[in-house]
Number of protein chains: 2
Amino acid sequence: MKLATLNDGTRDGQLAVVARDLKTAHVADGIAPTLQAALDDWGFIAPQLDALYQLLNQGRGQRSFEFDVANCMAPLPRAFQWVSAAAYPLRLELACKARGAAPPESLRGEALMQQGGADAFLGPRQDIALAYEQWGVDFGAGLAAITDDVPMGATADQAHQHIKLLALVNEVVLRNLADDELARGGGLLQARPAAGFAPVALTPDELGDAWKGGKAHLPLRTHWNGKLVGQPHAGVDMVFNFPQLIAHLCRTRNVRAGSIVGSGVVANKDARRGYGCIADKRNLELAADGVAATPFMLFGDSVKIEMLGEDGKSLFGAIEQTLKQIEARRAR
Amino acid sequence: MKLATLNDGTRDGQLAVVARDLKTAHVADGIAPTLQAALDDWGFIAPQLDALYQLLNQGRGQRSFEFDVANCMAPLPRAFQWVSAAAYPLRLELACKARGAAPPESLRGEALMQQGGADAFLGPRQDIALAYEQWGVDFGAGLAAITDDVPMGATADQAHQHIKLLALVNEVVLRNLADDELARGGGLLQARPAAGFAPVALTPDELGDAWKGGKAHLPLRTHWNGKLVGQPHAGVDMVFNFPQLIAHLCRTRNVRAGSIVGSGVVANKDARRGYGCIADKRNLELAADGVAATPFMLFGDSVKIEMLGEDGKSLFGAIEQTLKQIEARRAR
């Protein structure tokens, strides 16, 4: 089942069911007003949404209309929890290597994960609007799992059953703010502005055999200014799968419905697969040549993030965002 | 104006207006169903809530009833953003001193702030339910500001006007998990379980002259197992006021309605004022004697956090929570 949130002028948007081929959609107004409302009562709501999905795929949706990605908000335009992990720790090892530092031993033992701001996500075609490109604006192609209620202390096996939806994320990071924040010890805050999401969230069964062991075994493709710069395989080198990430999160807390758990940027050891964020490319350059030659995003730059199924068709629809300058209201 | 959220079996509860003396309440069902809904449209909703508040204070609420704190959820039982700052950096300096380390120079220049989990806050009488007291369970008495929409790049002066409500928080921290997480560089996640909130959120004018310069100039009282252990003054030693904290948060993002911005634990240089979290006491002991003698909370321990007005009456109602053991579902 594929779901999207249409911009109807409200903060949470209007839940819609989207056909598998992303060509048509149908408002879910008789079933649940918003995706959060659906997740709040998933056991009851999901079968109704799925019935509508089946009709839509058969061309029998009574009020179906052309699906327009430009009218989509993030599937959850705002959420009660958004954590991002480093499920591909080779990225951190690469970063350490680029700086001539030893990678922390603990990285592979347990997932590194942090809370992020969930009050204002960007839709798939919304600009990344920021005041300064000097902040070192980087895109970041990742996957995320969306849960229903997960009780405190759930094991990874138990957590697996609470993955209700998958989503694609553009985890934007302001790299030139990140180092300072990390040095100060509180995790990233200003360095993590609003994340962008692909139009469709889908149930894991939509991936077919590619959803296995709590991972999506498909490449995640990133285009930067129209050029394919990366297609790392999301199932390779993912050291912590989604159930493990959720188990890590719920160790000391109940995790409630609508929590979004991100994998962090997808990356492969095989450098020929390219990169999902500019920092990875720069760290490779630093390690090889002593100089990071590739600049971060410039105003006007675009990024496209997409995952294709084994049939070559877009699964989630594409994130296509442009970096745009907004007026700096105050001097910093 | 004072507002609370009553437990009606739903996730977001039922918004109620509470009389200034905390004796009676009135459901706001004809005005806004939830506090989030009120904050989403504050300019339109707040005057209506205030009119009901005036009636209630005059004993003229048509369907007023006895206010029962035991039936309260957190004012926002779940929120779209919860950040906690270190607005009293002397606490961090104390922690560094206790370990014989130099305090980072950057601490006083800019606020240290991190995102927290906002999907499941605890009500004022809900147990702090955790699996292991060995995690080093610490209470933490702090204040928080709740905002409406704050545009990216707002100055502190601009941010000031977006503080719509104040709240009292018990920022529970698992100290024995915190050091590991800090060492790994991602900020605190497992070390910050669900925070607890006092029953009432209030508009800043309820503090009268004690709300000045974006700070609450009143002591915050903490009882541990019935004994008053701290009454640090929240207006003294607060290096970053709430408008500055919000300006820090919105530097690179729009901050949306219902964001909760915490001060962190209130602390004074004057050690005679006692402590708002056990870690502060232990750090004093470490610095003085080389040994932290005071243990963290034990199962069955209770904590009470309250702020009294200049008339000696409770402003927000009290947080009164007990640490309770829950079954550890998995061995860790």
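Whether any residue in the range A:202-220 is part of a loop (DSSP other than H, G, I, E, B), crowded, with 24+ Cβ neighbours inside 10 Å, of a type outside the set (G, A, S) and outside the structural domain of A:D21 (by TED's automatic domain parsing) is what I want to check.
Taking every residue of the range A:202-220 in turn, none turns out to be part of a loop (DSSP other than H, G, I, E, B), crowded, with 24+ Cβ neighbours inside 10 Å, of a type outside the set (G, A, S) and outside the structural domain of A:D21 (by TED's automatic domain parsing).
One residue is enough: does the range A:224-238 have a residue meeting the conditions of a type in the set (D, E, K, R), in the same structural domain as A:E110 (by TED's automatic domain parsing) and out of contact with any Leu (no Cβ under 7 Å at 6 or more places or on another chain)?
yes
Output the number of the condition that A:T203 fails; it satisfies all remaining conditions of (1) in contact (Cβ under 8 Å) with a residue 40 or more places away in the chain; (2) within 9 Å of chain B (Cβ to nearest Cβ).
A:T203 satisfies all of (1) in contact (Cβ under 8 Å) with a residue 40 or more places away in the chain; (2) within 9 Å of chain B (Cβ to nearest Cβ) except (2).
What number of residues in the range B:279-312 are touching a residue at least 40 places away in the same chain (Cβ under 8 Å), closer than 30 Å to B:E66 by Cα and open to solvent by less than 60 Å² (accessible area, probe 1.4 Å)?
8
Among the numbered criteria (1) modelled with pLDDT of 95 or more; (2) more than 8 Å from chain A (Cβ to nearest Cβ); (3) outside any loop (DSSP other than H, G, I, E, B); (4) surrounded by fewer than 24 Cβ atoms within 10 Å (Cβ to Cβ), which one does B:R125 miss?
(3)
Which count do you get for residues in the range A:18-49 that are hydrophobic (A, V, I, L, M, F, W, C) and without any contact (Cβ under 8 Å) to a residue 40 or more places away in the chain?
Residues flagged as hydrophobic (A, V, I, L, M, F, W, C) and without any contact (Cβ under 8 Å) to a residue 40 or more places away in the chain within the range A:18-49 amount to 8.
Hey, among A:G196, A:G264, A:G276, A:G187, which residue is under 30 Å from B:Y132 (Cα atoms), under 15 Å from the mean Cα position of the chain (by Cα) and open to solvent by less than 10 Å² (accessible area, probe 1.4 Å)?
The conditions single out A:G264.
In this structure, does A:L188 turn out to be at pLDDT below 95 and within 12 Å of chain B (Cβ to nearest Cβ)?
When the stated conditions are applied, A:L188 passes them.
Assess whether B:A144 counts as being more than 12 Å from chain A (Cβ to nearest Cβ), in a helix (DSSP H, G or I) and at pLDDT 95 or above.
So B:A144 does not fit the description; no.
In the range B:161-178, what count of residues is obtained for those that are farther than 18 Å from B:Q81 by Cα and away from chain A (no Cβ under 11 Å)?
Counting residues in the range B:161-178 that are farther than 18 Å from B:Q81 by Cα and away from chain A (no Cβ under 11 Å) gives 3.
Hey, among the residues in the range B:313-332 that are modelled with pLDDT of 95 or more and part of a loop (DSSP other than H, G, I, E, B), which one's surrounded by the most Cβ atoms within 10 Å (Cβ to Cβ)?
Restricting to residues being modelled with pLDDT of 95 or more and part of a loop (DSSP other than H, G, I, E, B), the top hit is B:F316.
List the pairs whose first member sits in the range A:239-264 and is more than 14 Å from A:D148 (Cα to Cα) and within 7 Å of another protein chain (Cβ to nearest Cβ), whose second member is open to solvent by 10 Å² or more (accessible area, probe 1.4 Å) and assigned to a helix (DSSP H, G or I), and whose Cβ atoms are under 9 Å apart, counting only residues at least 6 apart or on separate chains?
Within 9 Å, the pairs are A:R251/B:L177; A:T252/B:W135; A:T252/B:L177.
Is it the case that A:A111 is among the aliphatic types (A, V, I, L, M) and open to solvent by 10 Å² or more (accessible area, probe 1.4 Å)?
no
What's the number of the only condition in (1) more than 10 Å from every other protein chain (Cβ to nearest Cβ); (2) within 23 Å of the chain's Cα centre (by Cα); (3) not small (G, A, S) that A:R63 fails to meet?
(2)
Here are A:P77, A:P89: which of them is closer than 28 Å to A:V255 by Cα, open to solvent by less than 20 Å² (accessible area, probe 1.4 Å) and touching a helix residue (DSSP H, G or I) at 6+ places or on another chain (Cβ under 6 Å)?
A:P89
Among the residues of the range B:153-201, how many are of a type in the set (G, A, S) and in a loop (DSSP other than H, G, I, E, B)?
Summing the residues that are of a type in the set (G, A, S) and in a loop (DSSP other than H, G, I, E, B) in the range B:153-201 gives 9.
Identify the residue in the range A:26-74 that is farther than 24 Å from A:D119 by Cβ and aromatic (F, W, Y) and, among all such residues, is least open to solvent (accessible area, probe 1.4 Å).
By that ranking, first place goes to A:Y53.
The values are calculated or read from the model by the stated rules, or taken from the named source; none is laboratory data. Source: prediction; values computed, not measured. With ideal geometry, Cβ positions are generated from the backbone for all residues, glycine too; neighbour counts draw on all protein chains shown. We work out accessible area using only protein heavy atoms, side chains counted, and drop any ligands, DNA or RNA first. Shrake-Rupley method; radii C 1.70, N 1.55, O 1.52, S 1.80 Å.
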